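Colleague: Would you mind keeping the following structure in view while I ask a few things?
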Amino acid sequence: MTEKPKRVRFTKRDFTKLHQYPSACEQDEVPVATPRRRSRLHFAAGATCSFLILIAVLAGIAFVVLRVGIGGEALTQRAQTALKTVLGPDTDATIQSAQISLDQRHHVALEARDVNITDAKRGIEINNVRSVRIGLATMPLLHGNVSVERLELDGAQIKVTSVVPFDFMSLVPKDDRGLVDLDSASAAIFSGLQSAVSLLDQRETRDISIADTTFDFTLAGAPERLRIVNLDLSETGGPVAINGTVEWRGKQVDINAQAKRSAIGAKIEAFSLAVSKIPLAGKFGTAPVPDIDGIKPDGAYLTYDNLAEVKLDGLAATASEPARVWGALNIGNGPVTIGNVEDMAVESQINFEHVSGVDQIAIKPSNIHFGGFTGMVEGSIGRETLSPGPASAANPGYQFELTTKDAKSAPADSPISALPFDARLAGRYDLALKHLDVSQIEVLANKESSLSGNASVTFGGGSPAMNLDLQIPEMPVADVKQLWPIWVATGARRWLIDKMHDGEAKDSTIKVTFPAGRFNGPGKPPPLEDNEVQVDFNVTGSRFDIVGELPAVQNADGKISVRGAYTMISLEKGSSITPANREVKIVDGKLVIPWGPQRPVLSDLDLNVVGDASAVSEFIGFKPINGLKNLPFVPEDIKGDVKAHVLVTFPITRRAPAGSLTWSADMQLSNVSIAKKIDGQTITDADGTLSVNQDEALIEATAQVNGIPAEVTMFEPLGKNTAKREQSVTLQLDDKTRNALFPALDPLLSGPISVEIDKAADGSRVATADLTKAEIKLTQLGWTKGAGVKATAKFSLQQDGDNASIRNLDVSGDTFRLQGDVNVVDGDMTSADFGTVRLNRGDDIAVKVDRTKYGYRVGVKGSSFDARPLLNQITDKKKNGGNDSNSKQRVLVNADIDNVTGFYSENFGNVSLSYEGVGSNVSGLAFNAVTRTGQKVVAADSSESGARSISLQSKDAGAVLRFFGFYDKMSGGSINVALDSKGDGPLRGQIDARDFTLVNEPRLAKLVSTAPNGTSLNDAVKKNIDVSKVTFDRGFSQIEKGANYINLANGVIRGSTIGTTFQGVLSDPQGNMSLTGTFMPAYGINRIFGDVPILGLFLGNGRDGGLIGITYKLIGPLKQPQIIVNPISVIAPGIFRSIFEFQ
């Protein structure tokens, strides 16, 4: 193996000067010619110039060499040995190379490269130090002295490798209770600065520079990295200055500091530190994810991104003054997000001071801007005073008190002006439990209203446990808006800010209780429980917007209650003024908003509205109710009083599905009138209910419909509702109302009727009338339905104003029925066509009525008809002169009926009737019929030129009298009636009947058997007179018929067996009769005495008198008169008997 060559070193003694070499000594003279000698000045100038050139060349060569570095193994070995000696035996240090170079200030420097230091005992590693330069002062170096001018450290990585991570907070001095010792902390600041400055003194250097060096540590348990971009520690004849830039969290931070001391090596007397552009950025929790409506739920989420500046000044303690440290924390404007409250503005300057010996940090007046809060805050924070007892020692903590005067609250989402207020917060922080207890919260707003309470926060895993309890004795609603914490019941707060204005809040509370981890997640937090958020505000004199376009409620008294996710606004009373300046009263209202994760969020509104009908209808006409959208009237059309119960369910989140909005309005109507016709009807004085929702409208009321008392039920489908439209109107018609509306019905109806009208699908109305209490009179047909007889009428009605078309009219009762159609124009009947008329059992006729210029034309056809009601109408003399006499309607009747039934089961066939008259005044009558025996009946009643003539002829007198109900004991015979009158005078004429028989006349039997004085006619003629069947050859009487009376004169009925004379009143206006006459047995023989001249006058009392007879009197009701017989007249013959006749 070749031996390693040894290094040879030469000293100055080993070098020989050139003039001593032999070649120089052997020559006697200079071998070459030399120039002439110069002057010494010239030589000195040339030497100087040459030296300067040499110095410049050497300096250039030195700069290049030193800049590149001159090193070697020996230099590296000696530098590494020196480094280990300085660091100690427990430290491992390596240097990759060492060399001579220049520092940043161009000093000759000893430079070590790629330095690594490991201190296992202290758990510190300094790795990959690119270079450490020790710059030497130039002038001392030229004099042979070594003086360190500058120390440079570049490219180091400082890392803590101990098992227990280095925490920056561990540098903060603490007392035996684990609390920050403020005096020691102040002393530590001065000590730290003193240590930094001592680096200059220890190394006899005035300039230390650190560049591109990173330091890894933990802060409050979180890993952090600080990179020193450049940092200079220098003292150049003045205060010690520290200037530079560090990089933290990706941001560059400027550091400027000064330390003053009286002399080098002396203690620091004062310092000033400014750290600017400090990044304050952080994120805790998971950002809430907006739902489909863009609404973010509350959650444990905090982000901030600001820049801060810390200024710190201090004065060391003197013999007379304690040490004092003061400063300011300036936080620049930047967004802060808490929960779902985004981009809160934060910009503050917190001024603080600590004086040694005072165990607190004084918060000097500081400008704070946090969200909507701006104000000057001052107070103190310090260690809690140690009180006797184990509790204080076991729970050490900090106490604080903060006050602010003339602060302002102006939340970004509140449109009202900022609220000035004073506030005070006091409490403590339990270090071990991480429990912040704000035991005193006092707020005085506007120097008038107050708020007090307490709060607490316990920090731990995830979202902290929180409690808040606030009491508000009395405060304007506007102040409540500004002071309501933005993260408490955010939905209710948002509603209060947006919807409620003015008014006072009294006896109000806010209570919040959240357990730890309540909002941790993952995902959306669960809905709030009732016991977690409890807010109660009693509000008076407020104004709030309800929902949608509904007019605001003014002068409102009520309560706002929040229970968990549910917000309920209860309204005790208030009023609402519509745009048309109409007022409605609102009582017992309620609005419930169920805030929570469900979508959509549907709110329920429940209002009771009272007021004028026009005001209430205008109120419910606004969205979201929009109650008048499909109704056929506007608020101006309606008058009266209304109480309305309004229910609205509406979404308060966006993108709600169709059908989320529902509403209803149930109204109590009182004396309501609608000016505009509804479906052609005028409705007034309505009392009842009207229920309206988005699908239908239902009215149930009593009202005046076209002036008629009515019960109205109407169902109207609205919107897309395909249900059947229904209308039911029950009219209550009395005579006065009916006659005013339908005068044409006056001759037909009297008494109250009830008409129920329903609307059919084709728009027509279907009516059902209850005619039980009414009397129906068909005068032309002689038929009457009495009041109390059950009857109904059904018909279909199509109406256009005063014009109506009645179709399918069906009037029916137990024994009658009327079916047909009726047309009404301008309130009067113009035509009627009744295909079925059955006024009595067995009737089968059809009646057609047409309006003429002067009245009505009636046509009657059919197979059978019971004429008894008509005959009663004709023969009832009392009614004949009744109410119909004033009628101006002219009636023409033409009837053709196969079979007509009269009284006593008498039927006429082939009946033909032609009638014309006005009321009870007959202009013309022609009646033709055939009796069952085949005999014709002809009657006529005619008027001409003020004269009236009535005639009746038939060869079956008995059938005629039975048919008309006059008399049922007569059989056969012929009858001839002829009556005449002039002007308004009575009808006068005669009735002549021949060859007829009376069968079983009880009054004849009574006349012949009555013995008032012991002697009857039977006794007088010495036999029983047979009156069971008596044939007469003639009956005759003169007659006078006036208004409601009939008088008879010269009446006589005679036959071969008996005879009678009579005269008197057959019927008076009261329906009574008073006839007197003489009854004579054996009339054929008895009357012979009356035929004897002169003697007959005395014995027979005239030509139709007889010798034997009895006078009598019929008196009383026409149907059942009483017979009175004069007993003396039984034995008085002839003329003498007339003396005893009744007068």
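The values are calculated or read from the model by the stated rules, or taken from the named source; none is laboratory data. Owing to the predicted nature of the structure, the values given are computational and were not obtained by experimental measurement. Glycine gets a Cβ as well: all are built from the backbone with ideal geometry, and neighbour counts include every protein chain shown.
Yes/no per residue for (1) farther than 26 Å from Arg249 by Cα; (2) of a type in the set (Lys, Arg); (3) touching an Asp or Glu at 6+ places or on another chain (Cβ under 8 Å); (4) surrounded by fewer than 15 Cβ atoms within 10 Å (Cβ to Cβ):
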site: Pro288; (1), (2), (3), (4): no, no, yes, no
site: Tyr304; (1), (2), (3), (4): no, no, no, no
site: Leu307; (1), (2), (3), (4): no, no, no, no
site: Gly314; (1), (2), (3), (4): yes, no, no, no
site: Gly332; (1), (2), (3), (4): no, no, yes, no
site: Asp343; (1), (2), (3), (4): no, no, no, yes
site: Ser356; (1), (2), (3), (4): yes, no, yes, no
site: Gln360; (1), (2), (3), (4): yes, no, no, no
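Colleague: When residues of region 296-352 are filtered for being part of a strand (DSSP E or B) and either hydrophobic (A, V, I, L, M, F, W, C) or over 40 Å from the mean Cα position of the chain (by Cα) (or both), how many remain? Spell out how you get there, then give the answer.
Modeller: Kept after step one, since they are part of a strand (DSSP E or B), are these residues of region 296-352: 302-315, 324-338, 341-352.
Subset that is either hydrophobic (A, V, I, L, M, F, W, C) or over 40 Å from the mean Cα position of the chain (by Cα) (or both): 302, 304-315, 324-334, 336, 338, 341, 344-352.
Qualifying residue count, region 296-352: 36.
Colleague: While we're here: Pick from region 897-926 the residues that are under 23 Å from Asn1044 (Cα atoms) and among the aromatic types (Phe, Trp, Tyr): which of them is modelled with the lowest pLDDT?
Modeller: Filtering region 897-926 for residues that are under 23 Å from Asn1044 (Cα atoms) and among the aromatic types (Phe, Trp, Tyr), the one modelled with the lowest pLDDT comes out as Tyr915.
Colleague: Could you give every pair whose Cβ atoms fall below 8 Å, whose first residue belongs to region 215-237 and is of a type in the set (A, V, I, L, M, F, W, C), and whose second residue is in a strand (DSSP E or B) and modelled with pLDDT under 75, counting only separations of at least 6 or pairs across chains?
Modeller: Phe217/Val160; Phe217/Asp167; Leu219/Asp167; Ala220/Asp167; Leu226/Phe217
Colleague: Separate question: Hey, any hits in region 1052-1069 for a residue that's loosely packed, with under 15 Cβ neighbours inside 10 Å, part of a loop (DSSP other than H, G, I, E, B) and modelled with pLDDT of 85 or more? Don't jump to the end; show me each part of the working.
Modeller: First, pick out the residues of region 1052-1069 that are loosely packed, with under 15 Cβ neighbours inside 10 Å: 1056, 1069.
Now restrict to residues that are part of a loop (DSSP other than H, G, I, E, B): 1056, 1069.
Filter again for modelled with pLDDT of 85 or more, leaving 1069.
Among the residues of region 1052-1069, at least one is loosely packed, with under 15 Cβ neighbours inside 10 Å, part of a loop (DSSP other than H, G, I, E, B) and modelled with pLDDT of 85 or more, which makes the answer yes.
Colleague: Filter region 578-587 down to the residues that are of a type in the set (A, V, I, L, M) and crowded, with 17+ Cβ neighbours inside 10 Å and list them by number. Give the derivation first.
Modeller: In the first step, residues of region 578-587 are kept if they are of a type in the set (A, V, I, L, M); the result is 580, 584, 586-587.
Of everything in region 578-587, those that are of a type in the set (A, V, I, L, M) and crowded, with 17+ Cβ neighbours inside 10 Å turn out to be Val584, Ile586.
Colleague: For region 826-838, enumerate the residues that are among the hydrophobic types (A, V, I, L, M, F, W, C) and at pLDDT 85 or above.
Modeller: Step one: of region 826-838, the residues among the hydrophobic types (A, V, I, L, M, F, W, C) are 829, 832, 834, 837.
Answer for region 826-838, where residues must be among the hydrophobic types (A, V, I, L, M, F, W, C) and at pLDDT 85 or above: Ala832, Phe834, Val837.
Colleague: Restricting to region 723-758, what's the tally of residues that are free of Cβ contacts under 8 Å to residues at least 12 places away in the same chain and over 18 Å from Ala804 (Cβ atoms)?
Modeller: Of the residues in region 723-758, 1 are free of Cβ contacts under 8 Å to residues at least 12 places away in the same chain and over 18 Å from Ala804 (Cβ atoms).
Colleague: Where the second residue is part of a loop (DSSP other than H, G, I, E, B) and at pLDDT 90 or above and the first is within 28 Å of Leu280 (Cα to Cα) and lies in region 306-323, which pairs have Cβ atoms under 9 Å and are six or more apart or on separate chains?
Modeller: Correct list of pairs: Gly314/Ala323.
Colleague: Name every residue in region 161-187 that is at pLDDT 70 or above and not in a helix (DSSP H, G or I), in order of residue number.
Modeller: Val172, Pro173, Lys174, Asp175, Asp176, Arg177, Gly178, Leu179, Val180, Asp181
Colleague: Moving on. Please list, ordered by first then second residue, the pairs with beta carbon atoms under 6 Å, 6 or more apart or interchain, first in region 1063-1074 and assigned by TED's automatic domain parsing to the domain that holds Gly1042, second of a type in the set (D, E, K, R) and surrounded by 15 or more Cβ atoms within 10 Å (Cβ to Cβ).
Modeller: So the pair list comes out as Ser1067/Lys877.
Colleague: Still on this structure, I have one more. Could you please give the count of residues in region 793-825 that are modelled with pLDDT of 90 or more and polar (S, T, N, Q)?
Modeller: 1
Colleague: Continuing with this model, one more query. I'm told Pro526 meets every condition in (1) part of a loop (DSSP other than H, G, I, E, B); (2) under 30 Å from Glu618 (Cβ atoms) except one. Can you identify the failing condition by its number?
Modeller: (2)
Colleague: When you scan region 686-709, do you find a residue that is more than 19 Å from Ser754 (Cα to Cα), among the charged types (D, E, K, R) and more than 27 Å from the chain's Cα centre (by Cα), even just one?
Modeller: Within region 686-709 (the criterion being more than 19 Å from Ser754 (Cα to Cα), among the charged types (D, E, K, R) and more than 27 Å from the chain's Cα centre (by Cα)), the answer is no, since none of the residues qualifies.
Colleague: Can you work out which of the residues in region 764-787 that are small (Gly, Ala, Ser) and modelled with pLDDT under 75 is nearest to the chain's Cα centre (by Cα)? Write out each step before concluding.
Modeller: Here is the first cut: in region 764-787, the residues small (Gly, Ala, Ser) are 764, 767, 769, 774, 782, 786-787.
This time we only want the ones that are modelled with pLDDT under 75, so: 764, 782.
Values: Ser764: 36, Gly782: 63 Å.
Looking at residues that are small (Gly, Ala, Ser) and modelled with pLDDT under 75, I get Ser764.
Colleague: Out of curiosity, is Ala423 in contact (Cβ under 8 Å) with a residue 60 or more places away in the chain and either more than 19 Å from Lys481 (Cβ to Cβ) or surrounded by 15 or more Cβ atoms within 10 Å (Cβ to Cβ) (or both)?
Modeller: Numbers: in contact (Cβ under 8 Å) with a residue 60 or more places away in the chain: no; either more than 19 Å from Lys481 (Cβ to Cβ) or surrounded by 15 or more Cβ atoms within 10 Å (Cβ to Cβ) (or both): yes.
Judged against the criteria, Ala423 is not a match.
Colleague: Looking only at region 602-622, which residues are within 16 Å of the chain's Cα centre (by Cα) and buried (at least 20 other Cβ atoms within 10 Å of the Cβ)?
Modeller: Ser603, Leu605, Leu607, Val609, Val616, Ser617, Glu618, Phe619, Ile620 - these are the residues of region 602-622 that are within 16 Å of the chain's Cα centre (by Cα) and buried (at least 20 other Cβ atoms within 10 Å of the Cβ).
Colleague: Confirm whether Val377 is at pLDDT 85 or above, surrounded by 18 or more Cβ atoms within 10 Å (Cβ to Cβ) and assigned to a strand (DSSP E or B). It would help to see each step written out before you state the result.
Modeller: On the way: at pLDDT 85 or above: yes; surrounded by 18 or more Cβ atoms within 10 Å (Cβ to Cβ): yes; assigned to a strand (DSSP E or B): yes.
It is true that Val377 is at pLDDT 85 or above, surrounded by 18 or more Cβ atoms within 10 Å (Cβ to Cβ) and assigned to a strand (DSSP E or B).
Colleague: Quick one: what pairs do we get from region 934-946, first residue farther than 11 Å from Val922 by Cβ, second among the aromatic types (Phe, Trp, Tyr), C-beta under 9 Å, 6+ apart or different chains?
Modeller: Taking only residues 6 or more apart or on different chains, the pairs are Val937/Phe908; Val937/Phe927; Val937/Phe963; Val938/Phe927; Ala939/Phe927.
Colleague: Separate question: If the requirement is being under 20 Å from Pro651 (Cβ atoms), out of contact with any helix residue (DSSP H, G or I) (no Cβ under 8 Å at 6 or more places or on another chain) and not in a loop (DSSP other than H, G, I, E, B), which of these qualifies: Ser575, Ser603? Reasoning before the result, please.
Modeller: Numbers: Ser575 fails: under 20 Å from Pro651 (Cβ atoms).
Answer to the check: Ser603.
Colleague: Being more than 14 Å from the chain's Cα centre (by Cα), over 13 Å from Ala492 (Cβ atoms) and acidic (Asp, Glu) is the filter here, so list the residues in region 533-586 that pass it.
Modeller: If the condition is that a residue be more than 14 Å from the chain's Cα centre (by Cα), over 13 Å from Ala492 (Cβ atoms) and acidic (Asp, Glu), then Asp557, Glu572, Glu583 are the ones that fit.
Colleague: Residue check: is Ala644 in the same structural domain as Asp588 (by TED's automatic domain parsing), closer than 23 Å to Val587 by Cβ and touching a helix residue (DSSP H, G or I) at 6+ places or on another chain (Cβ under 9 Å)? Full working, then the answer.
Modeller: Numbers: in the same structural domain as Asp588 (by TED's automatic domain parsing): yes; closer than 23 Å to Val587 by Cβ: yes; touching a helix residue (DSSP H, G or I) at 6+ places or on another chain (Cβ under 9 Å): yes.
In short, yes.
Colleague: Still on this model: Suppose we keep only residues that are acidic (Asp, Glu) and surrounded by fewer than 18 Cβ atoms within 10 Å (Cβ to Cβ) within region 954-999. Which one would you say is modelled with the lowest pLDDT? It would help to see each step written out before you state the result.
Modeller: Filtering region 954-999 down to residues acidic (Asp, Glu) leaves 956, 968, 980, 984, 992, 995.
So of that shortlist, the ones also surrounded by fewer than 18 Cβ atoms within 10 Å (Cβ to Cβ) come out as 968, 980, 984, 992, 995.
Details: Asp968: 87, Asp980: 92, Asp984: 81, Asp992: 94, Asp995: 91.
Result: Asp984.
Colleague: Enumerate the strands (runs of 3 or more DSSP E) found wholly within region 681-766, keeping only those where 3 or more residues are not assigned by TED's automatic domain parsing to the domain that holds Met667. Talk me through it step by step, then tell me what you get.
Modeller: Values: elements: 681-693, 696-705, 708-717, 726-733, 753-759.
Of the strands (runs of 3 or more DSSP E) lying wholly inside region 681-766, those with at least 3 residues that are not assigned by TED's automatic domain parsing to the domain that holds Met667 span 726-733, 753-759.
Colleague: Here's another thing I want to ask about it. Inside region 391-433, can you point out the residues that are more than 22 Å from Glu448 (Cα to Cα) and assigned to a strand (DSSP E or B)?
Modeller: The initial filter retains those residues of region 391-433 that are more than 22 Å from Glu448 (Cα to Cα), namely 391-401, 412-413, 427-433.
The answer is Gly397, Tyr398, Gln399, Phe400, Glu401, Gly427, Arg428, Tyr429, Asp430.
Colleague: Answer yes or no as to whether Ile625 is outside any helix (DSSP H, G or I), among the aliphatic types (A, V, I, L, M) and under 11 Å from the mean Cα position of the chain (by Cα). Quick ask: steps written out before the conclusion?
Modeller: Details: outside any helix (DSSP H, G or I): yes; among the aliphatic types (A, V, I, L, M): yes; under 11 Å from the mean Cα position of the chain (by Cα): yes.
The answer is yes for Ile625.
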